[in-house]
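Below is one structure, written out as structure tokens; comments come after it.
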Amino acid sequence: MTLWLRSVGRPTSLTLRRASSRIPATIVRPAIITGSRRIVRGFATTLVQRQATAVNDLDQETLEVLNAERYADEVDVCIVGAGPAGLSAAIRLKQRANEEGKELRVFVVEKGSEVGAHILSGAVLEPRALNELIPDWKEKGAPLNTPAAKDKMLFLTEKHAIPLPHPPQMNNKGNYIVSLSNFVRWLGEQAEELGVEIYPSFAASEVLYDEDGSVKGIATNDVGIGRDGRPKDNFERGMEIHAKVTLFAEGCHGHLTKRISRKFDLRKDSQPQTYGIGLKEVWELAPEKFEAGLVLHSVGWPMDIKTYGGSFMYHFEDNKCTIGYVVALDYENPTLSPYKEFQRYKQHPAIRKYLEGGKIISYGARAINEGGYQSIPKLVFPGGALIGCTAGFLNVPKIKGTHTAMKSGMLAADAAYDALSAETEGPITLDAYESNIKNSWVYKELWEVRNVRPAFHNPLGLFGGIAYAGLDTLLLKGRVPWTFKHPEPDYATLKPLKDVKPIEYPKPDGVISFDLLENVSRTGTNHEENQPVHLRLQRGPKEQLETNYAVYGGPEQKFCPAGVYEYLDDEQNPGKKRFQINAQNCIHCKTCDIKDPSQNIDWTVPEGGGGPKYYFT
């Protein structure tokens, strides 16, 4: 197989290794310059966030440099995101091509510094899709080392823990407690062995369209642009990846998926997606506290009955425990802090007893889809498709989405391979992928539980939701003529600050609970500091002050799990506030883009390789 590179701009001498050493090639790669990791409060220090220097402030020579034509590469399939869905699709494509002796270029771009660096999940893995994709995964050394051995479900009050029967969806017999980031690294190795090309530190920033309006690939972002919008000495234009099929596997609330959804009106026939934020820590427990294979979930305290949420604790290998909390982002009180709720939860006697004598290793957070069946958009468009969590295949009652994400990638790969083999003229539309999903166990699984999450939108809140969920999962199993709706987008649910009772949180003790910035340092997050702010205010900072702060008290200070947003006293205007974005702290959870009540914050990709560096997550 040969790689040809078509020049549509100026040359470069940088060389990037191919994913497989068996296939040598030279390819354009942006230079990635990283500095030492710092968690900061002052990345952006002025009220006016300048996304880039205004065009009329730049001379003609600078404009020509910034707008130089880009190199382009031609591939058969481009996949955006090296997560479970993207890698499963890549593996399936190469499996089929290799079986038939055909050449097929499968090109995966990943914004993280390495495969797995941006992956965070619970996670208890149901191996159903893995069994189909790689039946001999045990022989190949998949890091599924801890079988789920014991399920517990608790209802927490402030001081007590009441055992509950766990619903059938949460029976984890046959499942495995894993580090999803490590599992994804292993998937990446399997993909490379098949000849898949994987390029970490490549951040897809733009969708490319053909003259007929179909998607023809993606472009990676430029690197080496200063915060003022001017090119630095290490400036490199991004590159274009032209593909016959482009699969978007960006994870929950993908920033390119947002744009594609708007262009092709993919949500026309679906309900609004609703989300949660999942926060987690990995601990090394004292040996006498460790119970290999323990799967513990809870509902109730510290959430109020109107707010959907719950906890998880999984004991996996080498005395390690993953502990986390999920808060639904349709909450109403703007003073609620998901991070502080998580820290408070750990102080419950039934939970603290496991952590005492242990040591925290890492921390992270990520938005998750909770909309389920009725929030899945149209999956296909001319030239590509949405797969995995960017489409929203999480099974909320199971608290699992890896198996469904993997299966969606496999089904999209089958449709793509068949379409490519047909060699038809014009843009490829993967209609077979939609029908593949509807005829699969993914569809059946999500259909059966479609009413569980929206059932919590009721006058009785938590208790009404638990009652219906029990009835539905134990008896009805989704066999009802109705489908509940999600009432409104998450950003529209906040009440004004004057209409709520502010929530008071205890100070962290530094042993079980921790200061936010201390925990952010455990994410390994890092960004090149001198670059345009990737958290863009579409209509400027005035709206944040006049709406978010004046009406809601600045909720982004509370919902961000990394201390990115602050309202500080404006020294130049006494008595007023200024809005500060500490973009260096960002851990790419996407919560701000989802929950911002003014919908002014637009999360975009920073330079490739930036962001968290997760391990054991």
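The values are calculated or read from the model by the stated rules, or taken from the named source; none is laboratory data. Keep in mind the model is a prediction, meaning the values are calculated, not measured. Note that each Cβ is placed from the backbone with ideal geometry, even for glycine, and that neighbours are counted across all protein chains shown.
Scanning the range 523-553 for residues that are in a loop (DSSP other than H, G, I, E, B) and more than 24 Å from the chain's Cα centre (by Cα) yields ASN530, ARG539, GLY540, PRO541, GLY553. Of everything listed in (1) surrounded by 24 or more Cβ atoms within 10 Å (Cβ to Cβ); (2) free of Cβ contacts under 8 Å to residues at least 12 places away in the same chain, the single unmet condition for PHE248 is (2). If you filter the range 400-415 down to residues that are within 24 Å of the chain's Cα centre (by Cα) and aliphatic (A, V, I, L, M), you find that the one that is surrounded by the most Cβ atoms within 10 Å (Cβ to Cβ) is ALA412. In the range 410-427, the residue that is farthest from LYS102 (Cα to Cα) out of those that are assigned to a helix (DSSP H, G or I) and among the small types (Gly, Ala, Ser) is ALA412.
Restricting to the range 494-510, name every residue that is more than 18 Å from ASN548 (Cβ to Cβ) and either of a type outside the set (Ser, Thr, Tyr) or not in a loop (DSSP other than H, G, I, E, B) (or both).
Taking the range 494-510 first, the residues more than 18 Å from ASN548 (Cβ to Cβ) are 501, 504-510.
Result: LYS501, GLU504, PRO506, LYS507, PRO508, ASP509, GLY510.
Among the listed residues GLY278, GLY195, GLY188, which satisfies the condition of being farther than 27 Å from GLN95 by Cα and among the small types (Gly, Ala, Ser)? Step by step, each of GLY278, GLY195, GLY188 is checked, and only GLY278 is farther than 27 Å from GLN95 by Cα and among the small types (Gly, Ala, Ser). Taking the range 231-284 as the range and being more than 19 Å from ALA365 (Cα to Cα), part of a loop (DSSP other than H, G, I, E, B), aliphatic (A, V, I, L, M) and in contact with a Ser or Thr (Cβ under 8 Å, 6 or more places away or on another chain) as the test, only MET239 passes.
Taking GLU281, is it surrounded by 20 or more Cβ atoms within 10 Å (Cβ to Cβ) and under 26 Å from VAL564 (Cα atoms)? So GLU281 fits the description; yes. Could you check, for the range 103-117, whether at least one of its residues is on the phi < 0 side of the Ramachandran plot, without any contact (Cβ under 8 Å) to a residue 60 or more places away in the chain and part of a loop (DSSP other than H, G, I, E, B)? No, that holds for no residue. The set of residues from the range 455-490 being at pLDDT 90 or above and surrounded by 19 or more Cβ atoms within 10 Å (Cβ to Cβ) comprises PHE484, HIS486, ASP490. Of ALA467, ALA492, all but one fail to be among the aliphatic types (A, V, I, L, M), more than 17 Å from LYS398 (Cβ to Cβ) and without any contact (Cβ under 8 Å) to a residue 24 or more places away in the chain; the exception is ALA467. Summed over the range 81-101, the residues that are free of Cβ contacts under 8 Å to residues at least 40 places away in the same chain and either assigned to a loop (DSSP other than H, G, I, E, B) or touching a His at 6+ places or on another chain (Cβ under 6 Å) (or both) give a count of 2.
Remark: ILE466 matches the filter, which requires a residue to be more than 24 Å from the chain's Cα centre (by Cα) and aliphatic (A, V, I, L, M). Could you check, for the range 463-475, whether at least one of its residues is closer than 20 Å to PRO168 by Cβ and touching a strand residue (DSSP E or B) at 6+ places or on another chain (Cβ under 8 Å)? Looking through the range 463-475, at least one residue is closer than 20 Å to PRO168 by Cβ and touching a strand residue (DSSP E or B) at 6+ places or on another chain (Cβ under 8 Å).
For VAL520, the conditions (1) part of a loop (DSSP other than H, G, I, E, B); (2) of a type outside the set (D, E, K, R); (3) at pLDDT 95 or above all hold with the exception of (1). With the condition kept exactly as written, say whether any residue in the range 306-323 is in a loop (DSSP other than H, G, I, E, B), farther than 20 Å from GLU518 by Cα, modelled with pLDDT of 95 or more and of a type in the set (A, V, I, L, M). Looking through the range 306-323, none of the residues is in a loop (DSSP other than H, G, I, E, B), farther than 20 Å from GLU518 by Cα, modelled with pLDDT of 95 or more and of a type in the set (A, V, I, L, M).
Of everything in the range 128-159, what is in contact with a helix residue (DSSP H, G or I) (Cβ under 8 Å, 6 or more places away or on another chain) and free of Cβ contacts under 8 Å to residues at least 24 places away in the same chain? Give them in sequence order. I'd like the intermediate steps shown before the answer.
Filtering the range 128-159 down to residues in contact with a helix residue (DSSP H, G or I) (Cβ under 8 Å, 6 or more places away or on another chain) leaves 128-130, 132-134, 137, 140-144, 151, 153-154, 156, 159.
Passing the criteria: only TRP137.
Of all the listed residues (GLY141, GLY188, GLY122), the sole one being part of a loop (DSSP other than H, G, I, E, B) and buried (at least 21 other Cβ atoms within 10 Å of the Cβ) is GLY122.
Take the range 162-185 and flag every residue that is outside any helix (DSSP H, G or I) and surrounded by fewer than 21 Cβ atoms within 10 Å (Cβ to Cβ). Walk me through it before giving the result.
In the first step, residues of the range 162-185 are kept if they are outside any helix (DSSP H, G or I); the result is 162-167, 171-179.
ILE162, PRO163, LEU164, PRO165, HIS166, PRO167, ASN171, LYS173, GLY174, listed by residue number.
Applying the set (1) modelled with pLDDT under 90; (2) among the hydrophobic types (A, V, I, L, M, F, W, C); (3) over 18 Å from MET170 (Cβ atoms) to ALA432 leaves exactly one unmet item: (1). Among the residues of the range 361-377, those identified as among the β-branched types (Val, Ile, Thr) and buried (at least 19 other Cβ atoms within 10 Å of the Cβ) are ILE368, ILE376. Only one of the listed residues (ASP569, ASP515, ASP509) is within 25 Å of the chain's Cα centre (by Cα) and surrounded by fewer than 22 Cβ atoms within 10 Å (Cβ to Cβ). That residue is ASP515.
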